[in-house]
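Note sheet for the following structure.
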Amino acid sequence: MSHDPTTPHGDASAIFDEYATYYDLLYPEKDSKAEAAFVLERLAAHTGQPKTLLEFGTGSGRHAEHFVRQGVAVTGVERSPRMLTLATARNMDVTCAMGERLTYVQEDIRTLRLPRTFDAVVALFHVMSYMATPQDLAAAMNAASRHLRPGGAFLFDYWYGPCVTAQPPQKTEKHVDAEDVRLHRRTTPTMDPAAHTVTVHFDLTVEREGAPARHISEDHIMRYLFQPEVTAAMDAAGLDLVEQGEWLTRREPSPETFGVYAVGVKRA
């Protein structure tokens, strides 16, 4: 099994504050282009190629950029103002070239109410595992459903419970040397089996030439999910589960599968 079980992402403004500034530097290996292609392929398999797409927890805009370049009009929703600043800066050239095909909204996905629907909704990089309670999960599912046209699809990925319980996240350290900055991140996870959550504590040290080291600490609460809960939440929101599998490979989920994706189609 190869994964980083302490990867942060999502749409909470209380987290991704100063951390957001260094977000992309911490994950240079992430192939957002390949992931975006995979998402569009799985959506097309069930509802046809989407023309319009709503992205929950758009983060720094890495996936949104590739969706737009494939001809999809994207609305990205993000609660963190710093993440939105990064996304806007990253995609400035895309926005200029594509005009209205890429827009961003600062909002909480659980309470989102836009005056339109979309062909597809996606929540990537474990955004749905940031829904730390059953109530949060239900609210996010309902938000996805009410922004879908009948027959539209919601694709999301999440921490897979059987894997997290079989192989609990461990302490990790990561070093990144970029052109003008050096990052050292310590990650300390604490599991709460009763709540099905992992509180991930990040200590990030930032070093720049000629400047004192800066220290950033954040706690991210992640919830690992099991298939019955996922299926029930989707059903209650009017979504039929039509596909699930290991992220990017489509293999059957197992206790070795950390990241699982699911696709739900909105009932007419």
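Of everything listed in (1) farther than 20 Å from P28 by Cα; (2) more than 21 Å from the chain's Cα centre (by Cα); (3) aliphatic (A, V, I, L, M), the single unmet condition for L183 is (1). Regarding E78, is this residue of a type outside the set (S, T, N, Q), modelled with pLDDT of 85 or more and either out of contact with any helix residue (DSSP H, G or I) (no Cβ under 6 Å at 6 or more places or on another chain) or farther than 24 Å from L248 by Cα (or both)? No, not satisfied. Taking the criterion of being open to solvent by less than 10 Å² (accessible area, probe 1.4 Å), in contact with a helix residue (DSSP H, G or I) (Cβ under 7 Å, 6 or more places away or on another chain) and closer than 19 Å to T52 by Cα, the residues of segment 141-163 that qualify are M141, A143, G152, A153, F154, L155, F156.
Look at segment 108-126: where a residue is farther than 21 Å from E35 by Cα and in contact (Cβ under 8 Å) with a residue 40 or more places away in the chain and a partner is open to solvent by 40 Å² or more (accessible area, probe 1.4 Å) and part of a loop (DSSP other than H, G, I, E, B), sitting 6+ places away or on another chain with Cβ atoms under 9 Å, you get D108/S13; D108/R79; I109/R79; L114/E107. Counting only strands (runs of 3 or more DSSP E) that fall entirely inside segment 169-268 and contain at least 3 residues that are in contact (Cβ under 8 Å) with a residue 40 or more places away in the chain and touching a Gly at 6+ places or on another chain (Cβ under 8 Å), the qualifying elements are 259-266. Pairs are defined by a Cβ separation below 6 Å, a sequence spacing of at least 6 or placement on different chains, a first member in segment 7-29 that is within 14 Å of T205 (Cα to Cα) and assigned to a helix (DSSP H, G or I), and a second member that is modelled with pLDDT of 65 or more and basic (K, R); the pairs so defined are A20/R82.
The single residue among T111, T88, T58, T52 that is under 20 Å from L26 (Cα atoms), β-branched (V, I, T) and more than 14 Å from the chain's Cα centre (by Cα) turns out to be T88.
With respect to the conditions (1) crowded, with 17+ Cβ neighbours inside 10 Å; (2) out of contact with any Cys (no Cβ under 7 Å at 6 or more places or on another chain); (3) of a type outside the set (G, A, S); (4) modelled with pLDDT of 95 or more, F258 falls short on a single one, namely (2). Residue pairs whose Cβ atoms lie under 8 Å apart, sitting 6 or more positions apart in sequence or on different chains, and linking a residue in segment 61-72 that is within 15 Å of A123 (Cα to Cα) to a partner that is buried (at least 24 other Cβ atoms within 10 Å of the Cβ) and among the β-branched types (V, I, T), are H63/V39; H63/V122; A64/T58; A64/V74; F67/V39; F67/V74.
The values are calculated or read from the model by the stated rules, or taken from the named source; none is laboratory data. Note that this is a predicted model, so its numbers are computed, not measured. As a convention, Cβ positions derive from the backbone with ideal geometry for all residues, glycine included, and neighbour counts pool all protein chains shown. Keep in mind that these areas ignore ligands, DNA and RNA; they rest on the heavy atoms of the full protein, side chains included. Shrake-Rupley method; radii C 1.70, N 1.55, O 1.52, S 1.80 Å.
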